[in-house]
Amino acid sequence: MIEPGTAARYKSLRDPDIRAVERFGERAARLGALAGLGLPVPRGIVLPTDLVAEIAVAGAAAVVGHDIGALVHALADGALLAVRSSAPRRDWGGPPAILNIGLTDATLPAVAALVGERAALDLYRRLLQSYATGVAGLDPEDVEAILLDRVKLAGAAGEEALDAGALAALVQDYKTFLQDEAALAFPADPAEQLFAALDAAARGWAGPSARLLRTARGAPEDAGLALIVQRMALGLGPGMSGAGIAHFVEERSGAPGLSGRYLAQAQGQDALMGLRTPQVLTRAERAGASGPALEDAAPVAVAALVAAGAVIARGMGDIYTLEFTLQDGMLHILDATPARRSPRAAVRIAVELAEAGAITRAQALLRIEPRSLAEHLHPQIDPGHRRDPIGRGLAASPGAASGRIVFSAQAAMQCAAQEISAILVRVETSPEDIRGMHSATGLLTVRGGMTSHAAVIARGLGLPCIVGAGDIRLDLKAGTLKAADGRIFREGDEITVDGSRGEVLAGTARTVPPELSGAFAKLMGWADATRRLQVRANADTPADARVSRGFNAAGIGLCRTEQMFFDADRINVMREMILADTREARQRALDKLLPMQRSDFEELFEIMRGLPVTIRLLDPPLHEFLPVNREEMRDLADLMDIPVSQVIQRAESLQEFNPMLGMRGVRLAVTMPEIYAMQARAIFEAVLAVNARGGAPVTPEIMIPLVSAHREVELVKGHIDAVAAEVSAEHGVPLPYRLGVMVETPRAALRAGDLARTAQFLSFGTNDLTQMTYGLSRDDAGRFMRDYVNQGVFPEDPFHALDLEGVGELLLIAAQRGREANGDLVLGLCGEHGGDPASVRFCELAGFDYVSCSPFRMPIAQLAAAQAALLARGEG
């Protein structure tokens, strides 16, 4: 082994301390771990980052010259060496490896005796090639040209066909080239070769080009580099000698199994460079590949690879891809990198490792990025599909869908009736488009942000959606969609929306179906057993409730009752109520709506029996329910047998300069209490109907939207209490309920202590709270938000990820003041942030009781909640 003085300056790859990644780099740390597991890693020494930094300034001869003889002797024993870089992170890059150090005219005979004359000369020319580019800094194309000239002169089919004489001439060509082009004589001393390789790597890493390159990759400018000096496994010579790469899982599915490529008489990553046709590793891979598998010729080596993969999985707690060399049939492992995997594969790998005892369940949960679960929940475009992009926007709702372009809700409904897939394309959507959205297979809007109407509804429906596709031009009059590259698409043409990547594609794309069983189901079961924070669903319809129940919802945290009024058989009754010119006429219309709402609530309570259901009373301004063009107004007037002028007049009277800050939410209840009274009666009568059937009793949660003042809560509570007493008296049954407030205004957050005196729960509607805190329109912010994020004004779109500094502080203030006033106060978050992992972690730390999000985002929130609980308990 290394002499004591030498060992003090270097670290052996078998030294346990090698795991210090910052000092020795990722590659050295991995190789040290592999060696520690008893795997066949060639002996080596690591020069740590501080020593390499000294070499960059003073040179290897000055820094390690007194040790170099012992170093070469201890590692090589007459064999050859390699210098490989080891950065703290693999993706930061590093200088290319220099192999076969130690080959000289004097040592060539000894190497030839070991591997044969031709192989020895091939190793020599490889060293000279890498020396010319990596040390002398000569142009790789010029270096390659010398090889090609010699191949042409010899009349050979390629470099592998050069005989010993041609290779000997090529060695001399390179020596002459070095002398002529770089005024360098190739060192005849192995120690000088090693000095030069170390100097080139250290100084190259410290140079301005390397600094710029690694900062572009996210590395600090002053990041250190370690260097590995390692005994060569040659890969050239007698018997089964060569190099390859071995995979132990299938990248897309995560299914276990050995695969890879092997190239005889090769080094490094030759098998992946296309120089010659490599072999597959196993017989199972041979379908479609030419030639025998490595398993046929070297079954012992392949068995050793399989065993090594299993040892690494158990010992290092992950599946790795191995870079390996065979030397006369003996396996040598040169590197191991975490196996590439799709999000679906990542889940399967983590679960199977946990079940095998290689990692804990907690580690498996923490290993999965919550957002990646969208790959399981929705169809995704097959990775092998050739994409033809025509535009980009915000990835508002994940999944992929193909269909015919339609420009109206009516056209989408017609396609659905004919069982034809349709992509609804709009400038932006309004509540009137909801029926078309239910009928479409995908949605694309030119304008809008992550919390626009289209985005929110699409996520609730599990509908692939792209919003804010500003590089697409939509001409509804001409019935055309103009792509970013100038192509024109018309209604009926096929397109695909990839809501996971925000990309619009021409034509129909192959997709991979959702996968909710197997490893995914096990992982979610572990998450449910781990998390403290409840995850409820934003569910507006019985269909939403059924989906959320399937995702193990802890209840419904937000039922937006206005969505129930947009069905075809209800919208005109709602319009009749809005157009009524007397309170009596309005009540008659409300009486027609009552059984409709009661029926919906009854079905929701039945589906969610035993779980809380939070019903938000009517929120949007009334003008949203009225038609917007003259033709539809005329149709409505004919249906109601009133003058069209009356419809127009009423629509105009309801128009507001800023409707989202106008007559909506609790303000409707204060000025038109009969609307909320109808909804409260529908809720209570539905509760009675469900409870009469037996089973777990229903206690509804009624939530008041857009509250700013405690007096608003008192007024509405008084009306609801009166309805509850009235219905209770009619049926002789008590009607308990829980009253809550949707905190959507900064004032409500600041006055949460007042609100908590009357409310039993506060649920934060962070969509509107963010909008009002920032003074941003959530529907219009998409026009400039990308520029704001790109220029660092906001770290992220605040409608996509909760603003912890501003909105988050309001939530913390509200939570503290609310619970000081009411120790039993329940706190929830029901905005779209409820499905954002970072926001879920915030809610865990803030002590909230639940988050609520659209059904198809629930697994993401559930996993994020489990991870937050583990980290809070210090199990991360």
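Filter region 443-490 for residues that are among the small types (Gly, Ala, Ser) and touching a Cys at 6+ places or on another chain (Cβ under 7 Å) and give the result. I'd like the intermediate steps shown before the answer.
Filtering region 443-490 down to residues among the small types (Gly, Ala, Ser) leaves 448-449, 452, 454-455, 458, 460, 462, 468-470, 478-479, 483-484, 486.
Hits for region 443-490 are ALA454, ALA455, ALA458.
Has region 487-499 got any residue that is in contact with a helix residue (DSSP H, G or I) (Cβ under 9 Å, 6 or more places away or on another chain), at pLDDT 90 or above and surrounded by 24 or more Cβ atoms within 10 Å (Cβ to Cβ)? Reasoning before the result, please.
Applying the first criterion (in contact with a helix residue (DSSP H, G or I) (Cβ under 9 Å, 6 or more places away or on another chain)) to region 487-499 yields 491, 499.
Still in the list and also at pLDDT 90 or above: 491, 499.
With the extra rule that they be surrounded by 24 or more Cβ atoms within 10 Å (Cβ to Cβ), the set shrinks to 499.
Checked region 487-499: at least one residue is in contact with a helix residue (DSSP H, G or I) (Cβ under 9 Å, 6 or more places away or on another chain), at pLDDT 90 or above and surrounded by 24 or more Cβ atoms within 10 Å (Cβ to Cβ).
Return the residues of region 124-142 that are within 17 Å of MET273 (Cα to Cα) and in contact with a helix residue (DSSP H, G or I) (Cβ under 6 Å, 6 or more places away or on another chain); say none if nothing qualifies. Lay out the reasoning, then the answer.
First pass over region 124-142, keeping only residues within 17 Å of MET273 (Cα to Cα): 126, 129-130, 140-141.
Scanning region 124-142 gives GLN129, PRO140.
When you go through (1) open to solvent by 60 Å² or more (accessible area, probe 1.4 Å); (2) assigned to a helix (DSSP H, G or I); (3) of a type in the set (Gly, Ala, Ser) one by one for ALA455, which number turns out not to apply?
So ALA455 meets the others, but not (1).
Any residue at all in region 414-423 that is buried (at least 23 other Cβ atoms within 10 Å of the Cβ) and without any contact (Cβ under 8 Å) to a residue 24 or more places away in the chain? Walk me through how you get there before you give the answer.
Quick first cut of region 414-423, residues buried (at least 23 other Cβ atoms within 10 Å of the Cβ) only: 422-423.
Remaining after also requiring without any contact (Cβ under 8 Å) to a residue 24 or more places away in the chain: 422.
Yes, because at least one residue in region 414-423 is buried (at least 23 other Cβ atoms within 10 Å of the Cβ) and without any contact (Cβ under 8 Å) to a residue 24 or more places away in the chain.
With respect to ASP544, is the statement that it is of a type in the set (D, E, K, R), in a loop (DSSP other than H, G, I, E, B) and touching a helix residue (DSSP H, G or I) at 6+ places or on another chain (Cβ under 9 Å) true? Quick ask: steps written out before the conclusion?
Details: of a type in the set (D, E, K, R): yes; in a loop (DSSP other than H, G, I, E, B): no; touching a helix residue (DSSP H, G or I) at 6+ places or on another chain (Cβ under 9 Å): yes.
No.
Check ALA284 against each of (1) open to solvent by 60 Å² or more (accessible area, probe 1.4 Å); (2) part of a helix (DSSP H, G or I); (3) touching a helix residue (DSSP H, G or I) at 6+ places or on another chain (Cβ under 8 Å) and name the one condition it does not meet.
(3)
Output yes when any residue across region 623-634 is more than 24 Å from SER708 (Cα to Cα), at pLDDT 80 or above and of a type in the set (Asp, Glu), and no when none is.
Scanning region 623-634, I find no residue that is more than 24 Å from SER708 (Cα to Cα), at pLDDT 80 or above and of a type in the set (Asp, Glu), so the answer is no.
How do the helices (runs of 4 or more DSSP H) wholly within region 614-727 filter down when requiring 1 or more residues that are polar (S, T, N, Q): which remain? Walk me through how you get there before you give the answer.
Working: elements: 630-640, 644-654, 666-671, 673-691.
Hits in region 614-727: 644-654, 666-671, 673-691.
Which of the numbered conditions does LEU305 fail, given that it passes all the others? Conditions: (1) under 30 Å from PRO48 (Cβ atoms); (2) buried (at least 22 other Cβ atoms within 10 Å of the Cβ).
(1)
Conditions: (1) touching a residue at least 60 places away in the same chain (Cβ under 8 Å); (2) open to solvent by 50 Å² or more (accessible area, probe 1.4 Å). SER653 meets all but one. Number of the miss?
Exception for SER653: condition (1).
Got a sec? Which of LEU762, LEU812, LEU735, LEU804 is open to solvent by 60 Å² or more (accessible area, probe 1.4 Å), among the aliphatic types (A, V, I, L, M) and not in a helix (DSSP H, G or I)? If you could, list the steps in order and put the result at the bottom.
On the way: LEU762 fails: open to solvent by 60 Å² or more (accessible area, probe 1.4 Å); LEU812 fails: not in a helix (DSSP H, G or I); LEU735 fails: open to solvent by 60 Å² or more (accessible area, probe 1.4 Å).
LEU804 is the lone residue from the list that is open to solvent by 60 Å² or more (accessible area, probe 1.4 Å), among the aliphatic types (A, V, I, L, M) and not in a helix (DSSP H, G or I).
Could you list, in sequence order, the residues of region 564-581 that are part of a helix (DSSP H, G or I), within 26 Å of ILE648 (Cβ to Cβ) and of a type outside the set (Val, Ile, Thr)?
Filtering region 564-581 down to residues part of a helix (DSSP H, G or I) leaves 564-566, 571-579.
Of the ones still in play, those that are also within 26 Å of ILE648 (Cβ to Cβ) are 565-566, 571-579.
Across region 564-581, the qualifying residues are PHE565, PHE566, ASN572, MET574, ARG575, GLU576, MET577, LEU579.
GLN646 - would you say it is without any contact (Cβ under 8 Å) to a residue 60 or more places away in the chain and either open to solvent by less than 20 Å² (accessible area, probe 1.4 Å) or not hydroxyl-bearing (Ser, Thr, Tyr) (or both)?
Against the criterion (without any contact (Cβ under 8 Å) to a residue 60 or more places away in the chain and either open to solvent by less than 20 Å² (accessible area, probe 1.4 Å) or not hydroxyl-bearing (Ser, Thr, Tyr) (or both)), GLN646 does not qualify.
Go through region 412-449 residue by residue and tally those that are in contact with a helix residue (DSSP H, G or I) (Cβ under 9 Å, 6 or more places away or on another chain), of a type in the set (Val, Ile, Thr) and under 24 Å from HIS623 (Cα atoms).
The number of residues fulfilling the criteria is 3.
Could you tell me which numbered condition TYR788 fails, if it satisfies all but one of (1) out of contact with any helix residue (DSSP H, G or I) (no Cβ under 8 Å at 6 or more places or on another chain); (2) over 22 Å from ALA469 (Cβ atoms); (3) aromatic (Phe, Trp, Tyr)?
(2)
With (1) surrounded by fewer than 24 Cβ atoms within 10 Å (Cβ to Cβ); (2) without any contact (Cβ under 8 Å) to a residue 40 or more places away in the chain; (3) not in a helix (DSSP H, G or I) as the list, and ASP787 as the residue in question, which single condition is left unmet?
Here ASP787 clears every test but (3).
Within region 300-349, track down each residue that is small (Gly, Ala, Ser), touching a strand residue (DSSP E or B) at 6+ places or on another chain (Cβ under 7 Å) and within 19 Å of ARG261 (Cβ to Cβ).
Across region 300-349, the qualifying residues are ALA301, ALA304, ALA308, GLY309, ALA336, ALA339.
Would you please name the residue that is modelled with the highest pLDDT, looking only at residues in region 370-396 that are assigned to a loop (DSSP other than H, G, I, E, B) and among the small types (Gly, Ala, Ser)?
The residue in question is GLY393.
Take ALA62 and decide whether it is assigned to a loop (DSSP other than H, G, I, E, B) and either among the aliphatic types (A, V, I, L, M) or modelled with pLDDT under 90 (or both). Quick ask: steps written out before the conclusion?
On the way: assigned to a loop (DSSP other than H, G, I, E, B): no; either among the aliphatic types (A, V, I, L, M) or modelled with pLDDT under 90 (or both): yes.
In short, no.
Looking for whichever is closer than 17 Å to THR745 by Cβ and in contact with a Pro (Cβ under 9 Å, 6 or more places away or on another chain) here; the options are LEU661, LEU654, LEU668. Which one fits?
Values: LEU661 fails: in contact with a Pro (Cβ under 9 Å, 6 or more places away or on another chain); LEU654 fails: closer than 17 Å to THR745 by Cβ.
Result of the check over LEU661, LEU654, LEU668: LEU668.
Here is a check on your reading of the model: is LEU618 within 21 Å of ALA409 (Cβ to Cβ) and of a type outside the set (S, T, N, Q)? Let's see the steps before the verdict.
Working: within 21 Å of ALA409 (Cβ to Cβ): no; of a type outside the set (S, T, N, Q): yes.
In short, no.
The values are calculated or read from the model by the stated rules, or taken from the named source; none is laboratory data. Keep in mind that what you see is a predicted model, and the values were worked out from it rather than measured. In this analysis, Cβ positions are derived from the backbone assuming ideal geometry, glycine residues included, and neighbour counts consider all displayed protein chains. These accessible areas exclude ligands, DNA and RNA; they are computed on the full protein's heavy atoms, side chains included. Shrake-Rupley method; radii C 1.70, N 1.55, O 1.52, S 1.80 Å.
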